[in-house]
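Written out below as structure tokens is the structure these notes cover.
Just so it is clear, none of the values below were taken in a lab; they were calculated from the coordinates. Keep in mind that what you see is a predicted model, and the values were worked out from it rather than measured. Here Cβ is always computed from backbone atoms with ideal geometry, including for glycine, and neighbour counts include all displayed protein chains.
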Amino acid sequence: LYVCKGLKCLPVFLGDLKNLKELQLHKCKELTCLPPSLGQLAQLTELKVIDCPLICELPFKEVKGETLSDLDSSIHYCILPRLQRLEVAGIGISEVSFAEGVCFNLRDLTVSYCNNVEEVGTLPTTLVNLTLMLCDNLTNIDTICHLP
């Protein structure tokens, strides 16, 4: 989806696109969140969220002191078992972190032009490439010692 000026949220039926392998959201300036139905896209291998400044949270975030099995069974956290590449740029997130068991095939993570990002927390152990670029307020990188 490119330059969808009035789009405030993605439709719930997004989760019905079971064979979707790539999702790109560019310049959707009114988009406020990624829906829980994103977690139903089991074939998704690439996700790009670019210049969507009102998105303030990614659905992969680690909840301090809780594992994925401790969380509510609703799909608030997207496991996305085949996701290999995630790129976010120009969005309003303050933290990049992944709950245990989430995006467990992620190889490439790029975070750029996200000026609100202050912390990089737990990352998937499968990560091979990590790019953090022009995140002016980044002050804490928690766990990246497992990167090859």
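Hey, what D do you get for segment 76-123 in µm²/s if you plug the Kirkwood alpha-carbon radius into Stokes-Einstein at 20 °C and 1.002 mPa s? Here the translational diffusion coefficient equals 189 µm²/s. Percentage of Cα-Cα pair distances in segment 1-54 greater than 14 Å, rounded to whole percent? That fraction is 50 percent.
Between Lys27 and Cys56, the FRET efficiency from the beta-carbon distance, with R0 = 22 Å, is close to 0.85.
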